[in-house]
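A short write-up of the structure that comes next.
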Amino acid sequence: MADLEQLQRKLTERGYRCSVFETAPEAVDYLKGSLSGKTIGFGGSITAREMGLYEALSQSNTCRWHWDGASLADAADTQVYISSLNAVAETGELVNIDGAGNRVASGLYGHEKVIFVVGTNKIAPDLEQAIWRARNIAAPKNAQRLGKQTPCAAKADRCYDCSSPDRICGAMVLYWKRPTCIPEMELVLVKEDLGY
């Protein structure tokens with residue numbers, strides 16, 4: 001198990017706010033209490049879906065999610081953007097892989113605040129293992145979930161670095177620190193397995 005206090009310090013040093021919660025419902029309550037009257041865009045995130053974040057935050061905010069009929073552009077044109085990450089290194093780096101580019105674009109630019117909600121299953125010891133996790137655990141499971149015709153989707157076992165037209169690994173973003181054009185970025189770490 002990762003030392004979450006040390007990880008919190010490293011993330012803070014890199015310009016992020018960081019909150020740690022024992023359970024997903026506690027994290028949801030925290031986010032409901034801190035976001036009200038905002039426009040909130042959601043990136044494709046199994047973590048957010050498992051937590052019921054869209055439904056919970058829709059009670060006092062205007063939420064836009066392409067999984068609920070909004071367009072990708074609608075979610076990009078919001079005050080707050082919520083998604084997850086494919087991996088967090090204990091050394092403080094964040095890793096995300098994306099096929100369409102909407103999640104990584106919104107995680108880099110255009111919002112007052114970006115929130116990444118992450119289960120502890122996504123924490124890796126260092127950057128190299130975080131990238132390995134994103135490519136060989138998260139991406140194949142997502143390809144399988146989406147019914148893609150890729151080598152990784154067949155068994156969801158590893159990346160085959162394929163050239164398939166269905167490949168969902170279009171871009172990988174590595175965050176060394178908070179991008180300066182986003183005034184606030186927060187990681188909400190949950191001591192549970194969430195998402196891929």
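Values quoted throughout were computed directly from the atomic coordinates according to the rules given, and no laboratory measurement underlies them. Predicted, not measured: the structure shown is a model, and the values here were computed from it. With ideal geometry, Cβ positions are generated from the backbone for all residues, glycine too; neighbour counts draw on all protein chains shown.
Every residue, every condition in (1) farther than 30 Å from Glu22 by Cβ; (2) out of contact with any Phe, Trp or Tyr (no Cβ under 7 Å at 6 or more places or on another chain); (3) hydrophobic (A, V, I, L, M, F, W, C), yes or no:
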| residue | (1), (2), (3) |
| --- | --- |
| Asp166 | yes, yes, no |
| Gly170 | yes, yes, no |
| Val173 | no, yes, yes |
| Thr180 | yes, yes, no |
| Pro183 | no, yes, no |
| Glu186 | no, no, no |
| Val190 | no, no, yes |
| Asp193 | no, yes, no |
| Tyr196 | no, yes, no |
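Scanning the range 36-68 for residues that are under 14 Å from the mean Cα position of the chain (by Cα) and assigned to a loop (DSSP other than H, G, I, E, B) yields Gly43, Gly44, Ser45. Among the residues of the range 168-182, which ones are in contact with a strand residue (DSSP E or B) (Cβ under 7 Å, 6 or more places away or on another chain) and not in a strand (DSSP E or B)? Cys169, Gly170, Arg178, Ile182 - these are the residues of the range 168-182 that are in contact with a strand residue (DSSP E or B) (Cβ under 7 Å, 6 or more places away or on another chain) and not in a strand (DSSP E or B).
Every residue, every condition in (1) without any contact (Cβ under 8 Å) to a residue 24 or more places away in the chain; (2) farther than 25 Å from Gly41 by Cβ; (3) surrounded by 16 or more Cβ atoms within 10 Å (Cβ to Cβ), yes or no:
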{"site": "Val88", "(1), (2), (3)": "no, no, yes"}
{"site": "Gly147", "(1), (2), (3)": "yes, no, no"}
{"site": "Lys155", "(1), (2), (3)": "yes, yes, no"}
{"site": "Gly170", "(1), (2), (3)": "no, no, no"}
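So which residues in the range 24-35 are touching a residue at least 60 places away in the same chain (Cβ under 8 Å) and either under 17 Å from the mean Cα position of the chain (by Cα) or surrounded by 19 or more Cβ atoms within 10 Å (Cβ to Cβ) (or both)? Passing the criteria: Ala24, Ala27, Leu31.
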